Amino acid sequence: MDRDLVELARRGDQAAFMALVRPRSDRLFAIAQRILRDVDRAEDALQDALVIAWRDLRGLRDPDRFEAWLRRLLVNVCIRHAARERRRAVRLRVLPVDGPAAPDQLLTVADRDQLERGFRRLPPEQRAVLVMHHFLGYSPAEIAETLAIPPGTARSRLHNAHRAIRAALDADARVTAVGGRSA
Amino acid sequence: MNRQPDVELVLRAYLADEGDIAPDRILEVVAERIASQPRRLASRLPWRNTMNGYLKLVAGLAAALVVGVVGYNLLPGFGGSGGQSTPIPSPTAPPSPPNSTSSPAATGPIDLPDGTLTGGRYRIQPLPEAPSLSIVADVPAGWLGHPAYPALTGRTTEEPPDGILIGFMSPDGLFSDPCHWDLDGTGSIDQPGDIEVGPTVDDLVAALNANASYTSSAATPVSLGEYRGQRLELRLPGTDVLSTCDGEEPAYFVFSTGYYSQGPNSLWDLFIVDVDGTRLITMVSYFPGTPPADVAAARAIVESFQITP
């Protein structure tokens, strides 16, 4: 079914393209939100990624790889948006850190607050691999395939992302211990 | 450093699915935009696969012509600069790619950018857990910067059979069996190791030398900038061992934190120095097939380090 829609979309059928992306949009939006930590930027990134997907769809050789190809496109767009975000250092409308509790109630509001700050300190590439691993459940090999990087590089990125978030959390804990919780 | 062994569990909860719903306006805007969006032709296959025999012949002849002209001009007495001390551009130095980052040569050190470097002095923050620690290094053109790791790689990246990488670590622990590092059976790559190492450079060197899982050289004194330490080389195992190691992609972890073997028969040239209480390992990882010139270039980069604690 999807394969047929991909073939139609490749030939210029916009309705087929929209039929392909509509059922995937919530999941894609969730990915963008988690990497960018900002609702507005997540919307922009998803729009850009879908427009690029439409433009470049003829380059997709295997229609069965549409989903992975689209996610890869989105992750790369998010990384670019996040890099711009870091350069501009604008004030962002952030996701509510005291929003819905995690399903297993593992995290307190304070934990989420601390994680949010730590996560935002990470380079975009590291945020992306953490989202792919912990949200999408990708193995390092799947991350490598998605980002078109060697498996060893994916493992390094994931390992360093863990190391960096732990360091960021440690740093945050020290700041909190010395000067109280920062805003 | 305070370890938080549940960081993966916490991240999973933090990033968990919360029933996110994409606002309808996203697809509405996309529909409007693609209605006027031109389509791109199918992307080309990688150059390596599409280059036909004729093009190869033309390229080969062109290369031979360039070599011939350059060689002629370098011969003494033939109008070239041969025999003189005029610097000659390295024949292996690639032209600056169009997406190269700006050169820091004239502006002093700049923060290590992502991508191909134009050469010059770059500032690197080697350890996320020690954000004030920085290194300024002289890096030749053509190397690649990876500030997210952070690391530098040669033109062939870090992969076997001929790659090379300069990376940084500050581990407190080692694995007694680097091949079977998944001690808690979770597959998590953030495990503390089963050998706790003392705080000094010598403690770490002794622990590395004591492990018979890989070959280690005798350590020799080394200085990076004004900081002293030890240098030693590890020879890690080949495919016969690596293929049996833990991990979905079998990996060989010497250290509890940092890099694992980059491929079969990895050679690690380790420069371990104490930077005011922080034990910094600079690793040059390469392979038997890595061009000697790249290894020499990597060592020259490390020797150029100026470290600020």
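What the table below lists for this structure:
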| quantity | calculated |
| --- | --- |
| Cβ pairs under 7 Å, 6+ apart, first in the stretch A:124-139 and closer than 15 Å to B:Leu9 by Cα, second aromatic (Phe, Trp, Tyr) and in a helix (DSSP H, G or I) | none |
| Where B:Gln262 falls short, out of the listed (1) buried (at least 21 other Cβ atoms within 10 Å of the Cβ); (2) of a type outside the set (Val, Ile, Thr); (3) farther than 23 Å from B:Leu183 by Cα | (3) |
| Complete set of residues in the stretch B:118-141 that are within 22 Å of A:Ala171 (Cα to Cα) and outside any loop (DSSP other than H, G, I, E, B) | B:Arg123, B:Ile124, B:Ser134, B:Ile135 |
| Qualifying residue in the stretch B:270-292 (condition: of a type in the set (Asp, Glu) and farther than 22 Å from A:Ala164 by Cα) | no |
| Tally, over the stretch B:268-284, of residues that are closer than 13 Å to B:Gly258 by Cα and touching a Gly at 6+ places or on another chain (Cβ under 6 Å) | 1 |
| Strands (runs of 3 or more DSSP E) lying entirely in the stretch B:142-181 (those with 3 or more residues that are more than 9 Å from chain A (Cβ to nearest Cβ), basic (Lys, Arg) and surrounded by fewer than 23 Cβ atoms within 10 Å (Cβ to Cβ)) | none |
| Output for the stretch B:18-46, where each listed residue is at pLDDT 70 or above and more than 7 Å from every other protein chain (Cβ to nearest Cβ) | B:Gly19, B:Asp24, B:Arg25, B:Glu28, B:Glu32 |
| Scan of the stretch A:7-38 for residues that are closer than 30 Å to A:Gln114 by Cβ, surrounded by fewer than 22 Cβ atoms within 10 Å (Cβ to Cβ) and more than 10 Å from chain B (Cβ to nearest Cβ), ordered by number | A:Arg37, A:Asp38 |
| Selection status of B:Asp269, under 17 Å from the mean Cα position of the chain (by Cα) and among the acidic types (Asp, Glu) | yes |
| Top-ranked residue of the stretch A:139-165 - restricted to ones that are surrounded by fewer than 21 Cβ atoms within 10 Å (Cβ to Cβ) and not hydrophobic (A, V, I, L, M, F, W, C), ranked as farthest from the other protein chains (Cβ to nearest Cβ) | A:Glu145 |
| Pick from the stretch A:118-138, criterion more than 7 Å from chain B (Cβ to nearest Cβ) and aliphatic (A, V, I, L, M), ranking: surrounded by the most Cβ atoms within 10 Å (Cβ to Cβ) | A:Val129 |
| For B:Thr308: the one exception among (1) surrounded by 15 or more Cβ atoms within 10 Å (Cβ to Cβ); (2) farther than 30 Å from B:Gly185 by Cα; (3) among the polar types (S, T, N, Q) | (1) |
| Check on A:Arg71, closer than 26 Å to A:Arg10 by Cα, at pLDDT 65 or above and within 18 Å of the chain's Cα centre (by Cα) | yes |
| Any hit, the stretch A:62-81, residues being farther than 23 Å from A:Leu130 by Cβ and not in a helix (DSSP H, G or I) | yes |
| Hits in the stretch B:266-280 - residues which are over 25 Å from B:Ser134 (Cβ atoms) and away from every other protein chain (no Cβ under 14 Å) | B:Leu267 |
| Whichever residue in the stretch B:190-212 is free of Cβ contacts under 8 Å to residues at least 60 places away in the same chain and farther than 19 Å from B:Leu280 by Cα and, among such residues, is surrounded by the most Cβ atoms within 10 Å (Cβ to Cβ) | B:Asn211 |
| Any hit, the stretch B:234-243, residues being more than 14 Å from chain A (Cβ to nearest Cβ), under 25 Å from B:Glu303 (Cβ atoms) and touching a Phe, Trp or Tyr at 6+ places or on another chain (Cβ under 7 Å) | yes |
| Residues (hydroxyl-bearing (Ser, Thr, Tyr) and part of a loop (DSSP other than H, G, I, E, B)) located in the stretch B:264-302 | B:Ser266, B:Thr290 |
| Filtered residues of the stretch B:219-236 (kept if touching a helix residue (DSSP H, G or I) at 6+ places or on another chain (Cβ under 6 Å) and not in a strand (DSSP E or B)) | B:Ala219 |
| Filtered residue count, the stretch B:188-218, keeping only those that are over 18 Å from B:Leu234 (Cα atoms) and not in a loop (DSSP other than H, G, I, E, B) | 1 |
| Selection from the stretch A:111-136 of residues that are basic (Lys, Arg) and at pLDDT below 85 | A:Arg112, A:Arg117, A:Arg120, A:Arg121 |
| Within the stretch B:139-184, considering residues that are of a type in the set (Asp, Glu) and over 15 Å from the mean Cα position of the chain (by Cα), the one nearest to B:Ala298 (Cα to Cα) | B:Asp172 |
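The values are calculated or read from the model by the stated rules, or taken from the named source; none is laboratory data. Everything quoted here is computed from the prediction, not taken from an experiment. Glycine also receives a Cβ, built like all others from the backbone with ideal geometry; neighbour counts cover every protein chain displayed.
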